[in-house]
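In what follows, a structure is listed as C-alpha cells, so that the remarks can point back to it.
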Amino acid sequence: MFYGIVFYMYFYDTQQHHVPHFHVEYAEYTAVIAIQSSEVLEGNLPQNKMKLVQAWLEIHRDNIMADWTFGGAWIAYSKN
C-alpha cells in the first residue's frame, strides 16, 4: 500500500491484457497499468493518485519487471 493505493500482480492474467502489467485500487477506483509503457490498459484513478502511481513506477520499474518475470517463471515451473 502506498498513499492508500493498493498494488496487485496476477501472473495468470495474460489473456486479457497481453503485456506485463499490474492492478491498482484506490477507494472505488481501479486501473490496470502496463509496466514498460506506463499506459493505462483499463480503468482510471483520480489524477493526483495516477501521478503518484506513475512516479512510483518510474522509480521501481526494473524491480517490478523482475517481479513479473520471476512470477511468470515460477508459474511455468510449478506446472511441470
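The figures follow:
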{"quantity": "Flag for residue 56 being in contact with a Pro (Cβ under 7 Å, 6 or more places away or on another chain), of a type in the set (A, V, I, L, M, F, W, C) and buried (at least 16 other Cβ atoms within 10 Å of the Cβ)", "calculated": "no"}
{"quantity": "Index of the failed condition, residue 26 passing every other in (1) in contact with a His (Cβ under 9 Å, 6 or more places away or on another chain); (2) under 13 Å from residue 2 (Cα atoms)", "calculated": "(1)"}
{"quantity": "Criterion: touching an Asp or Glu at 6+ places or on another chain (Cβ under 9 Å) and at pLDDT 90 or above - qualifying residue of 32, 19, 24", "calculated": "32"}
{"quantity": "Selection from segment 38-60 of residues that are over 16 Å from residue 4 (Cα atoms) and of a type outside the set (A, V, I, L, M, F, W, C)", "calculated": "38, 39, 42, 43, 58, 60"}
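The values are calculated or read from the model by the stated rules, or taken from the named source; none is laboratory data. As the structure is a computational prediction, the values presented were derived from the model and not from experiment. Cβ atoms come from the backbone with ideal geometry, glycine included; neighbour counts cover every protein chain shown.
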